[in-house]
1. Could you look at region 110-262 and say what percent of its accessible area is carbon and sulfur, using a 1.4 Å probe and all protein chains?
2. What net charge do the residues around Gly277 carry, taking every other residue with its C-beta under 10 Å from that of Gly277, with Lys and Arg at +1 and Asp and Glu at -1?
3. Can you give the extra length, in nm with one decimal, that the chain gains between Thr85 and Arg139 once fully stretched, where that is 0.36 nm per residue apart less the Cα-Cα distance?
4. How far apart, in nm, are the 7 Å Cα→Cβ label points at Gln170 and Ser184?
5. What is the local net charge at Arg100, summed over the other residues whose Cβ is closer than 10 Å to its Cβ (Lys, Arg +1; Asp, Glu -1)?
6. Do the alpha carbons of any pairs in Lys161/Lys341; Lys161/Lys220; Lys161/Lys205; Lys207/Lys244 sit beyond 25 Å of each other, and which pairs?
7. Starting from 0.36 nm per residue, how many nanometres of slack lie between Ala223 and Ala285 once their C-alpha separation is accounted for?
8. Leaving out ligands and nucleic acids, and using a 1.4 Å probe, what accessible area per residue does region 217-332 come to in Å²?
Amino acid sequence: MAHNERAMTERQQNINAEERNTMRRRTFMTTAAAAGASLAANSLGAAKDWSLPTLVKYPDPSIEIVHPSFAKYRQGNAAIERLYTGARWAEGPVWFGDGRYLVFSDIPNNRLLRWVEETGEVSVFRHPSNYANGNTRDRQGRLISCEHDSRRVTRTELDGKVTVLADHYQGKPFNAPNDVVVHSNGGIWFTDPGYGIMSNYEGHKDKFELPCNVYRIDPKSGALTVVVGDMRRPNGICFSPDEKLLYICDTSGADSPELSHDIRVYDVVDGERLANGRVFVNMGAGVADGIRSDVDGNIWAGAGWGGEDYNGVHIISPAGQLIGRIHLPEIPANLCFGGAKRDRLFVAASTSLYSLYVATTGALWP
């Protein structure tokens, strides 16, 4: 080979080598940028890849610390778990610690389901359920349920018998009782927004004969009183840990954006009536459905209808500040604390039931 030809070959080899090195650098930079973008997204609380249910990253990137004060409530080596899927609209979870199981509603399928902690098995607890929505337990451990189709509030006695607690006010049927809590004095407080008579999907289509009130059932006389009468769609409801405050969600903003997106708070007077109603927090783009309090008075709200990045559990301090978010791939409806130490959050969300261990405990009673 001539000298000039050898020189040209060597130059070409050097050029090819440099091009390969350049390509390697570009590939490395592209990969690093993608990884960095992924890490940045995860650090902002991006949802995990639910197509990989066995893949767990600690801390779970779906748990977002919005304010530093939330860090102490996040269990760093716990991840969101999907315990069950197969409902049409899951609602109203309530924990039965004495039986180590959770009961929750599947409203359109007209049934209550039971998830067993020891085995993870899900079975039918009651069918038909009269399209039951919200559930809780009283101090005697009895199940209290809001039924859409029968438009009533019932109590399931310890022997399984069902007692009707209330089904009308001033001679008119309720709209469709939605969510319920029980005070330590035995008073039963429930909301009646009427979703169960707005279509046949979650009950049956019927006319509204009463305003969308919040009621209290007196534990001794059974008498009904209207405790809130100025909310358009009163929905989720819970007491503060000391029962001095009552929180109620208005979900009318899900019907139309210009309506309320608020959680309201009231002072509880003598355990029987409310005073000084005011806005606790505006939920912004979406609304809060079900709510529960932890022992520190933070409100854990199942929040949805505000976009994919919005859907999940929003944790709000007693001062009304958003401090954390638990991002979920489905729209949450309601939630509760449970488990042996009441440090396991259960969330009924669209078609599924989720859970997460947290570094706090729920208030003693929901």
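1. 47
2. Details: positive: Arg264, Arg278; negative: Asp230, Asp267.
Summing Lys/Arg as +1 and Asp/Glu as -1 gives 0.
3. On the way: separation 54, 0.36 × 54 = 19.44 nm, distance 3.05 nm.
Working it through step by step, the gained length comes to 16.4 nm.
4. Each label point lies 7 Å from its Cα, and together they span 3.4 nm.
5. Values: positive: none; negative: Asp98, Glu117, Glu118.
Neighbourhood net charge equals -3.
6. In this structure, Lys161/Lys341; Lys161/Lys205; Lys207/Lys244 lie more than 25 Å apart at Cα.
7. Details: separation 62, 0.36 × 62 = 22.32 nm, distance 3.81 nm.
That works out to 18.5 nm of additional length.
8. Working: 4500 Å² over 116 residues.
Per residue, region 217-332 has an accessible area of 39 Å².
The values are calculated or read from the model by the stated rules, or taken from the named source; none is laboratory data. Treat the numbers as computed from the prediction; the structure is a model and nothing was measured. Glycine also receives a Cβ, built like all others from the backbone with ideal geometry; neighbour counts cover every protein chain displayed. The accessibility values were calculated without ligands, DNA or RNA, using every heavy atom of the protein model including side chains. Shrake-Rupley method; radii C 1.70, N 1.55, O 1.52, S 1.80 Å.
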